[in-house]
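As structure tokens, the structure follows; a few thoughts come after it.
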Amino acid sequence: MRVTNRMLTNNVIRNINRNLENMARTQEQMSSGKRVNRPSDDPIVVARVLAFKTSIAANDQYKKNMEDAKGWLDASESALGMATDVLQRARELAVYGSNGTMPPESMDALGKEVDQLLDEMMQVANTSYGGRYIFGGSQTTATPFEKISNTNDPYYPVKYNGDSAALNWEIASGVTISVNENGDQIFMQAINNGSATESVFKLLNDLSAALHGGTATDVSATLNKFDQAIDHILNIRATLGAKSNRMEMAMSRLDDTQIGLTQTMSKLEDIDLAETVMNYKTQENVYLASLSTGAMVLQPSLIDYLR
């Protein structure tokens, strides 16, 4: 086969362009910091990197769900802590009023404080978190507890307007956790009277009535009920605390998982800067050498002298 000047010229230009493309690709890697910038660079690596990015994004959302769930649980536990304080203070007043030696004026003063404790318990039961009521079940936008003034109303002195639905947060693939406690169960069914239950609001109202116009015996009859109510709320607080601790451990484990995923993805797609710079300098030398060689190969031909 005869080698012509045109063939030499095409080969030289093709090789120079290929060397220039290699330099451009390496320069793009240095500027982006990524070994792969498009699927054509390495389809297998790109597919794996995309899978890692999908997992990392999903875990970021799970982390946000966990943080929101923990915030809800902590707000609920804090509110029940205040409810416990209210009941313990009311029990102290009941102990004062049950000794039978206090004058009516002092009993009445104790009753007025219990009235304030009843209002405080209402405020605690209607606690909101992020604009949502935490003890109303799925009815998070409507006030769950309503004070009733009609003594003939069966719900007197407080009515529950929420429901018993659970609020479930997804904290992992296929894993959910209920972040709320039923307000009806917490406050309206706090005392077990055998065949019926009694609310903490009725208990406080009964204590107030006993202090304002009842007897020391009537006041003393509420002490056992206060013990039941306090134990009832403490048990629910323990459940909330356990769930909150679980969220902390889950978030810590997820952080470790995210670090591992990020490191593995970095090994796949990130460049070794020192190695890449060295490769670039090598490619640059090859490119310059190809230009120099091309200049020697593409010498003037006989045609140049026949002009």
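Only the coordinates and a few stated rules stand behind these numbers; no lab work does. Quantities reported herein were computed from a predicted structural model and do not represent experimental measurements. All Cβ positions, even for glycine, are placed from backbone atoms using ideal geometry, and neighbour counts span all protein chains on display.
Remarks
- The label point for E67 and the one for R253, both projected 7 Å from the Cα toward the Cβ, are 2.1 nm apart.
- Charged neighbours of Q61, selected by a Cβ distance under 14 Å, balance to -1 (K, R count +1; D, E count -1).
- Modelled spin-label separation between E21 and R132, with each label point placed 7 Å from Cα along the Cα-to-Cβ direction: 5.5 nm.
- For L167, net neighbour charge (Lys/Arg +1, Asp/Glu -1) across residues whose Cβ lies under 13 Å away: -2
- Ascending count of other beta-carbon atoms within 10 Å, so fewest first, for M30, M66: M30, M66
- Scanning residues 5 or more positions from I191 or on other chains, those with amide H under 5 Å from its amide H are E198, with H placed 1.01 Å from N in the peptide plane.
- In region 64-262, lysine pairs with alpha-carbon atoms under 25 angstrom apart (chain gap of 8 or more, or interchain): 12
- The phi-based Karplus calculation (6.51 cos²θ - 1.76 cosθ + 1.60; θ = phi - 60°) puts the 3J(HN,Hα) values of region 281-286 at 5, 5, 5, 5, 5, 5 Hz, whole numbers, x for Gly and Pro.
- Rounded to 10°, Cα long-axis angle of helix 43-97 versus longest principal axis of the chain: 20
- Annotation: amide H of Y129 within the under-5 Å range of I134, sequence separation 5 or more or interchain, hydrogens built in the peptide plane.
- Using 0.36 nm per residue and subtracting the Cα-Cα separation, the extra length available between T176 and R89 on full extension is 27.6 nm.
- Degrees separating the helix 5-32 axis from the principal Cα axis of the chain, which is the longest one: 20
- Remark: M251, M121 ranked as M251, M121, counting other beta-carbon atoms within 10 Å and listing the fewest first.
- Residues within the reach of a label modelled at V45 (point 7 angstrom out along Cα to beta-carbon, backbone nitrogen below 20 Å), restricted to region 3-32, are 19-32.
- Inter-site label distance for A274 and A57 at 7 Å from Cα along Cβ, in nm: 3.5
- Net charge of neighbours whose Cβ lies under 14 Å from the Cβ of N19, counting Lys and Arg as +1 and Asp and Glu as -1: +2
- Cβ-Cβ FRET estimate between A166 and Y96, R0 fixed at 41 Å, reported to 0.05: 0.55
- When you filter the chymotrypsin sites (Phe, Trp or Tyr not before Pro) in region 56-102 for DSSP loop state and at most 14 other Cβ atoms inside 10 Å of their Cβ, nothing is left.
- Gain in span if fully extended, S106 to E28, counting 0.36 nm per residue against the direct Cα distance: 19.6 nm
- Restriction of the chymotrypsin sites (Phe, Trp or Tyr not before Pro) in region 113-181 to DSSP coil positions whose beta-carbon has at most 16 other beta-carbons within 10 angstrom yields Y155.
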